[in-house]
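For reference, the structure discussed in these notes is given below.
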Amino acid sequence: MNRSVYVAGMGSTAFGKHAGTSIEALAVDASAQALVDAGIDRTRIGAVYLGNFISGPLNGKEVLAGLVAEQLGLQGIPCTKVEGACASGGIALRHACLMVAAGIHDAVLVVGVETMTHASTPEVTSALNCAMDNEYDGLSGLTFPGLFGLAWRAHAQRYGTSREDVAAVVIKNKAFGLNNPLAQMGAALTIDQIAVSAMIADPLQLFDCCPPSDGAAAVVVCTKDLLSDLPNHPRIRVMASVQTSGSARIAQHPDLCSFDATVLAAQQAYQQSGLQPADIDLVELHDCFSIAEIIDSEDLGLVPRGEGGRWAAQGRTGMHGDVVINPSGGLLAKGHPVGATGVGQIVEVVSQLRGVHPNQVDQAGIGMTHNLGGTGVACTVHILGREA
Amino acid sequence: MKTDDVPHLKVYQCSQCQTLTQRQPVICAHCLTRQVHAKEVAAAGVLASWTTVRKPPVRFKSEGSYHVGVFDLDNGMRISGRLLHTPADKLGDRVILVTDGLLQTQTPTFKVSHDG
């Protein structure tokens, strides 16, 4: 029953500001690109999974999966919106993979989408705070930047991680973003510019935070026999697709410098794929904040515990480092249209494995994605591999 | 400071497995019993971490900025709440619950205790 699952096609809008474009229009744009890229007849698409987090509070729109499918001429098939805060896109992909693997559908469209830039900062902060346990942490006035401010201070105390170490993540990702046409906020930054930016949630500063974004990304997953034989489309197999959960309450996190859901997801992904951390050529991980990249890299087993900051500062997570982290620019530079992010990460990895990425990693054969929701309440990890 | 002198915080305890929770649960997540009772615990411990929220959500916007902390109580409970911060505060400092003169009462507020 467990069939192999492949990524046949991909599409994405640029991440950034799309004033005047509806959330459905962005999703339709990315989805249509993915369907055309896959070269699969629409009648073969058995289901649609759409990842979205806060279209209700920010747009007053729900049932997005059905709205989008209708505009793509996909009728009568199951269309499901999934929500898992910032991991909504990754969860949508996992459910699509399960359906293909289980033999329920032969091909499934996955799309993630969000629009945020039309709302004020307090409105966006409030909407994102829907992902907190508002009977617990929400009552204290904690925010997501605040959560990562707490984590940074604890990481700095325990491991000696410095402002310079954390800034190295920002400088690297913003520089990658400059070269990625899908990225919202690439920049050539210096430590001095970062260190004088506004304080958001001490010690987290403005350049340590990903921007609010609009955008959509889509992929088509399918069985091997539905793959097109286009010469620039190597077979890209989903080697692991994992979803886990962790506590929504910060006080239930035994370690403020780690997310249990990520650690568990990584362990399961390595087991599912039969791979080791050293096999991963590149990873697109959930750097919603600079310190998050450091913690994620350790939780995923890619960097030794406590060394994430130093590895970043030493260039060991850069283009020619031990493992290339966020060559897309990550959430910090590419932007974070929340529900789209997990699918956007897959688009980036597929581009790498096809060898056509603007920041191409040499000999990229295996790529990982990591998508984290809320306070680590939801997590997905995917591993994609190019077949010879 | 003796335990009797320490301010106490109302939490909840499972009557069956004794698990403590900061707020009243519908059921005990460990043993699924509904028999949970209120309990006063000594609200002293150490400062695990804190941050200053300078971009609050709409409901806290009128406060401007404020300090949120994570506190490890001496009984092993980890709880989140507000911190009455002073520039000398360091992680690992002793903290106690503050009970007087607070604007925000829905969440516990702690301060670093210099009484040891």
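With all distinct Cα pairs included, what does the Kirkwood hydrodynamic radius of the stretch A:210-283 come out to in Å, to one decimal, could you say? Each step should come with its number before you reach the end.
Numbers: mean 1/r = 0.0623 Å⁻¹.
After inverting the mean inverse Cα-Cα distance, the result is 16.0 Å.
By average Cβ neighbour count within 10 Å, what is the ranking of A:169-182, A:118-131 from highest down? Could you put the intermediate results ahead of the total?
On the way: A:169-182: 22.1, A:118-131: 18.8.
So the order, starting with the most tightly packed, is A:169-182, A:118-131.
For the residues A:M368, A:M319, A:M116, a GNM of chain A with alpha-carbon springs under 10 Å puts the largest fluctuation on A:M319. With the Kirkwood sum run over all distinct C-alpha pairs, the stretch A:128-167 has a hydrodynamic radius of 11.3 Å.
Between Rg and the Kirkwood Rh of the stretch B:70-112, both from Cα atoms, what is the Rg to Rh ratio? Radius of gyration relative to Kirkwood radius: 0.94. For A:A216, the residues whose modelled amide H falls within less than 5 Å of its own, excluding neighbours fewer than 5 places apart on the same chain, are A:T13.
Taken one residue at a time, the phi angles of the stretch A:82-87 give Karplus couplings (6.51, -1.76, 1.60, θ = phi - 60°) of 10, 9, x, 6, 5, 9 Hz. Gly and Pro are set to x. Can you tell me the orientation of helix A:163-178 relative to chain A, as the angle in degrees between its alpha-carbon axis and the longest Cα principal axis, to the nearest 10? Helix A:163-178 sits at roughly 30 degrees to that axis. Here the dipole of the stretch A:21-98 is about 160 debye; that uses its Cα centre as origin and unit charges on the Cβ of Lys and Arg (positive) and Asp and Glu (negative). In a reduced charge model with +1 at each Lys and Arg Cβ and -1 at each Asp and Glu Cβ, the protein assembly as shown shows a dipole moment near 380 debye about its Cα centre.
Normalised size of the stretch A:184-319, defined as Cα radius of gyration per 2.2 N^0.38 Å with N residues, equals 1.27.
What is the dipole size for the stretch A:171-299, taken about its Cα centre, with +1 at each Lys and Arg Cβ and -1 at each Asp and Glu Cβ, in debye to the nearest 20? The partial results should precede the final answer.
Working: 6 positive and 16 negative charges, 68 e Å.
Dipole about the Cα centre, nearest 20: 320 debye.
Two decimals is fine: what's Rg over Rh for the stretch A:1-49, C-alpha atoms, Kirkwood radius as Rh?
Details: Rg = 13.4 Å, Rh = 12.5 Å.
In the stretch A:1-49, Rg relative to Rh is 1.07.
For the pair A:E387 and B:H37, label points projected 7 Å from Cα toward Cβ lie 6.3 nm apart. For chain A, modelled as a GNM whose springs connect Cα atoms under 10 angstrom apart, the maximal fluctuation among A:L142, A:L50, A:L230 occurs at A:L230. Over all alpha-carbon pairs in the protein assembly as shown, figure out the percentage whose distance exceeds 38 Å. Roughly 26 percent, once rounded to a whole number. Derived scalar couplings between HN and Hα for the stretch A:11-27 equal x, 7, 7, 5, 8, x, 9, 10, 4, x, 9, 6, 4, 5, 5, 5, 5 Hz in order, rounded to whole Hz, by the Karplus curve 6.51 cos²θ - 1.76 cosθ + 1.60 (θ = phi - 60°), x for Gly and Pro. Placing unit charges on the Cβ atoms of the charged side chains and taking the dipole of the protein assembly as shown about its Cα centre, the candidate lying farthest along the positive direction among B:G76, A:P211, A:I295 is B:G76. Averaged over the residues of A:203-209, the number of partner chain Cβ atoms lying within 10 Å of the residue Cβ comes to 1.
What value does the stretch A:68-175 have for Rg/Rh, both radii from Cα atoms and Rh as Kirkwood defines it? Please report the intermediate quantities before stating the final value.
Values: Rg = 19.5 Å, Rh = 17.8 Å.
Value, to two decimals: 1.09.
What translational D, rounded to a whole number of µm²/s, comes out for chain B from Stokes-Einstein when the hydrodynamic radius is the Kirkwood one over Cα pairs, at 37 °C and 0.692 mPa s? Each step should come with its number before you reach the end.
On the way: Rh = 15.3 Å.
My calculation gives 215 µm²/s for D.
What is the average number of partner chain Cβ atoms found within 10 Å of a Cβ in B:61-71?
Numbers: counts 5, 0, 1, 0, 4, 4, 4, 11, 4, 12, 1.
Counting other chains' Cβ atoms within 10 Å and averaging over B:61-71 gives 4.
Sorting the segments B:44-57, B:22-35 by their residues' average number of neighbouring beta-carbon atoms within 10 angstrom, most packed first, yields B:44-57, B:22-35.
Along the stretch A:288-296 the Karplus relation, 6.51 cos²θ - 1.76 cosθ + 1.60 evaluated at θ = phi - 60°, assigns HN-Hα couplings of 4, 9, 3, 5, 5, 4, 5, 5, 4 Hz to successive residues, with x for each Gly and Pro. Average accessible surface for the stretch A:237-282: 42 Å² per residue, computed with a 1.4 Å probe over protein heavy atoms with every protein chain in place. Computed on the stretch A:1-132, the Cα convex hull volume stands at 100 Å³ per residue. Give the distance, in whole Å, between the Cα centre of the stretch A:217-291 and the Cα centre of the stretch A:327-388. Taking the Cα centre of each part, the stretch A:217-291 and the stretch A:327-388 sit 9 Å apart. Among A:E298, A:E114, A:E62, the residue with the largest mean-square fluctuation in a Gaussian network model of chain A, with springs joining Cα atoms closer than 10 Å, is A:E62.
Inter-chain Cβ neighbour count for A:192-200, averaged per residue, equals 1 (cutoff 10 Å, partner chain atoms only). In this assembly, the B-A interface accounts for approximately 2500 Å² of buried accessible surface in total, computed with a 1.4 Å probe and without ligands, DNA or RNA.
For the protein assembly as shown, the number of Lys pairs separated by eight or more positions or lying on different chains, with C-alpha atoms closer than 16 Å, is 6.
The values are calculated or read from the model by the stated rules, or taken from the named source; none is laboratory data. Quantities reported herein were computed from a predicted structural model and do not represent experimental measurements. Cβ sites come from the backbone with ideal geometry, for glycine too, and all protein chains shown count toward neighbours. Side chains included, ligands, DNA and RNA excluded: accessible areas come from the protein's heavy atoms. Shrake-Rupley method; radii C 1.70, N 1.55, O 1.52, S 1.80 Å.
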